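Please read the structure below before turning to the comments.
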Amino acid sequence: MYSNLDTISFWNLQDEIKLLENRGYSTREMRSKLQQSLAFPFFLLSMIFLGGVISWLIAIPLYTYHYPIDGDIITGSWNIWNTKIRFLGVGAMLIGGIWSIVNLQKETGLNYMMMETAVNTRPFLFSKDLHDKGEFGRIQFLRGAHYQDMEGWPPYWAGLPPMWYATHAISPLLAIAQSRATKVHCYGSGKIRDELVTQYGNPYPIETAIFELDSPNLSAEVTRSLFYCARPYMESFTVYGENACYEWQMENESPVLFRMSPVVPGEQRTEILDRPEPPDRTELLPKPIRKYTKRFVYDSVDNHLSFEQGGGHHGSHPHLVNEFVRSIIEERQPEIDAVRSANWTAAGICAHESSMLKGAEILIPDLSLNQSLLKCFSPNPTGI
C-alpha cells in the first residue's frame with residue numbers, strides 16, 4: 001500500500017495499521033516499522049552505555065599504556081576522559097550525522113549537494129583543466145591549507161577544532177585526484193587561551209594532517225588554523241606532478257606554474273616558471289548568469305572578502321548554483337553528491353580525533369558502503 005513507510009509519521013503509524021487490518025490488508029511490514037521505531041530510543045541508550053564501557057575499559061587503558069599517569073590514578077583517568085577520550089564521542093556523533101545524510105539521500109533519491117566553493121574557484125578550475133589535458137603527468141603529492149583568524153566572530157566559532165571545518169583545504173586535493181581519503185595522522189600545534197578550550201575541548205589553534213588516499217601511492221597534507229596565528233586569510237592548494245607543479249596560495253597574487261622537461265635518467269631537467277592568471281570560466285555557465293562571477297554584481301558597501309574576490313569566493317557561487325539546478329533538470333546526482341561530501345567532511349573530523357590522540361592513525365569510513373562508524377574511531381596504537 002505504501003512505497004515508502006518513512007513518509008508515515010510515527011504518531012500516525014498505529015492508526016494506519018488498524019485501518020488497513022480492518023480492510024483485510026497485511027500489515028506485517030508496518031508492524032515491523034513500528035517495532036523498530038519503538039526500539040530506537042533503547043538502541044541509542046545502549047550505544048551510549050557501550051561508548052562508556054569502551055572509553056573506560058579500552059580507550060583509557062590504551063592511552064595510559066603509552067602515556068603513563070603521574071600521581072593519583074583516579075584523578076589522572078578522569079583528566080584523560082575529560083580532555084581526550086570524551087571528544088571521541090563528539091566526533092562519532094558528527095560522523096553519525098554525515099552517515100544519516102548519505103542514507104537519507106539513498107532512501108529518498110532526492111538530490112543532495114554540498115556547496116563547496118573551493119572546487120569551483122577560478123584557480124581550481126584552471127588546475128583541473130591542466131590535469132585533464134595531462135599537463136601534470138602523474139600526480140605525486142598534494143598540499144592544501146586554510147588560514148583564518150576567527151577572533152571576534154559569533155560565539156560558536158570560539159575554540160572550534162580547526163579540522164572540523166577543513167573542507168576548503170581538503171576538497172580541492174581530493175577532487176583533482178578523484179580520490180577518497182582513507183586514513184589520517186594529524187598533529188595539533190600551538191596553544192590557545194583556556195576560555196576557548198572549554199567549549200569544544202580543543203587545545204590547538206592549528207592542526208596539520210597527512211591523509212592516505214585510495215589512489216595508489218598518493219598522499220596529501222592539509223593545515224588548518226583558526227586562532228592565535230598571525231597569518232591573514234588564505235586558502236591554498238598545490239598539485240605536485242611529475243611534469244608540472246601548480247601552486248595557489250596568495251589571495252592577491254596569481255598562481256605559480258612550474259614546468260620541467262621530461263625525465264631522462266642521469267640528466268638535469270630544464271625549468272620553466274609562469275604566473276598564469278586563471279580565466280573567468282563563464283563559458284561553463286548559461287549566459288543569463290555569467291555576469292555573477294564578477295565583483296560588480298554585489299552592493300559596493302558590502303566589503304566581505306568573499307565578495308571582493310568576485311562572485312563569492314573567486315567566482316564560485318554561480319557555478320555551484322548551476323551544477324545543482326542542472327543535476328535536478330538532468331535527473332542525475334550532482335558532482336558533489338552526498339557520498340563525496342561525506343568523505344570531504346569526515347576526513348577533517350577524523351583528523352581532529354587523531355590530533356587528540358597525539359597523531360594516532362585513524363581510519364576514515366567509506367560511507368558509500370555503509371561501513372561501520374566504529375571504524376573511524378579505531379586508532380592504531382602503533383601509529384601513536
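The values are calculated or read from the model by the stated rules, or taken from the named source; none is laboratory data. Being a predicted model, the structure only gives us computed values, none of them experimental. Counting neighbours? That spans all protein chains shown, and the Cβs are built from the backbone with ideal geometry, glycine included.
Of all residues in segment 275-287, count the ones that are part of a helix (DSSP H, G or I) and crowded, with 17+ Cβ neighbours inside 10 Å.
Here the count works out to 1.
Please verify whether segment 211-229 includes one or more residues that are out of contact with any Leu (no Cβ under 9 Å at 6 or more places or on another chain), of a type in the set (A, V, I, L, M, F, W, C) and free of Cβ contacts under 8 Å to residues at least 40 places away in the same chain.
No, because not a single residue in segment 211-229 is out of contact with any Leu (no Cβ under 9 Å at 6 or more places or on another chain), of a type in the set (A, V, I, L, M, F, W, C) and free of Cβ contacts under 8 Å to residues at least 40 places away in the same chain.
Do we have any residue at all in segment 115-134 that's closer than 29 Å to GLY241 by Cβ, part of a helix (DSSP H, G or I) and among the hydroxyl-bearing types (Ser, Thr, Tyr)?
yes
With the structure loaded, tell me whether ALA158 is out of contact with any Leu (no Cβ under 8 Å at 6 or more places or on another chain), surrounded by 18 or more Cβ atoms within 10 Å (Cβ to Cβ) and touching a residue at least 40 places away in the same chain (Cβ under 8 Å) or whether it fails that test.
Criteria not met by ALA158.
Could you list, ordered by first residue, the pairs with Cβ atoms under 7 Å in which the first is in segment 268-289 and over 20 Å from LYS128 (Cα atoms) and of a type in the set (Val, Ile, Thr) and the second is surrounded by 13 or more Cβ atoms within 10 Å (Cβ to Cβ) and modelled with pLDDT under 90, at least 6 apart or interchain?
ILE289/PRO318
Would you say GLY144 is part of a strand (DSSP E or B) and crowded, with 18+ Cβ neighbours inside 10 Å?
Criteria met by GLY144.
Given the conditions (1) modelled with pLDDT of 90 or more; (2) in a loop (DSSP other than H, G, I, E, B), which single one is not true for PRO232?
Looking at each condition in turn, PRO232 falls short on (1).
For segment 147-160, which residues satisfy the criterion of being in a loop (DSSP other than H, G, I, E, B) and either of a type in the set (Ser, Thr, Tyr) or over 16 Å from the mean Cα position of the chain (by Cα) (or both)?
GLN148, ASP149, MET150, GLU151, GLY152, TRP153, PRO154, ALA158, GLY159
Among what's in segment 7-22 and is under 28 Å from LYS106 (Cα atoms) and surrounded by fewer than 11 Cβ atoms within 10 Å (Cβ to Cβ), pick the residue that is modelled with the lowest pLDDT.
Filtering segment 7-22 for residues that are under 28 Å from LYS106 (Cα atoms) and surrounded by fewer than 11 Cβ atoms within 10 Å (Cβ to Cβ), the one modelled with the lowest pLDDT comes out as THR7.
Only one residue in TYR25, TYR63 is within 30 Å of ILE80 (Cα to Cα) and either modelled with pLDDT under 80 or among the aliphatic types (A, V, I, L, M) (or both), so which one is that?
TYR63
Scan segment 161-218 residue by residue and report those that are in a strand (DSSP E or B) and either more than 18 Å from the chain's Cα centre (by Cα) or among the acidic types (Asp, Glu) (or both).
Residues satisfying the conditions are SER189, GLU207, GLU212.
Please specify each residue of segment 34-60 satisfying the condition of being closer than 26 Å to GLU16 by Cα, at pLDDT 75 or above and of a type outside the set (Gly, Ala, Ser).
LEU34, GLN35, GLN36, LEU38, PRO41, PHE42
Going through segment 128-186 one residue at a time, which ones are basic (Lys, Arg), closer than 24 Å to LYS358 by Cα and touching a helix residue (DSSP H, G or I) at 6+ places or on another chain (Cβ under 7 Å)?
Across segment 128-186, the qualifying residue is only ARG180.
In the list ARG269, ARG290, ARG224, which residue meets the criterion of being assigned to a strand (DSSP E or B), of a type in the set (Lys, Arg) and either closer than 30 Å to VAL184 by Cβ or over 22 Å from the mean Cα position of the chain (by Cα) (or both)?
Being assigned to a strand (DSSP E or B), of a type in the set (Lys, Arg) and either closer than 30 Å to VAL184 by Cβ or over 22 Å from the mean Cα position of the chain (by Cα) (or both) holds for just one of ARG269, ARG290, ARG224, which is ARG224.
Please determine, by comparing only the residues of segment 71-107 that are at pLDDT 80 or above and under 24 Å from PRO161 (Cα atoms), which one is farthest from the chain's Cα centre (by Cα).
GLY76
Please determine whether any residue of segment 322-333 is modelled with pLDDT of 90 or more, aliphatic (A, V, I, L, M) and crowded, with 19+ Cβ neighbours inside 10 Å.
No, segment 322-333 has no match at all.
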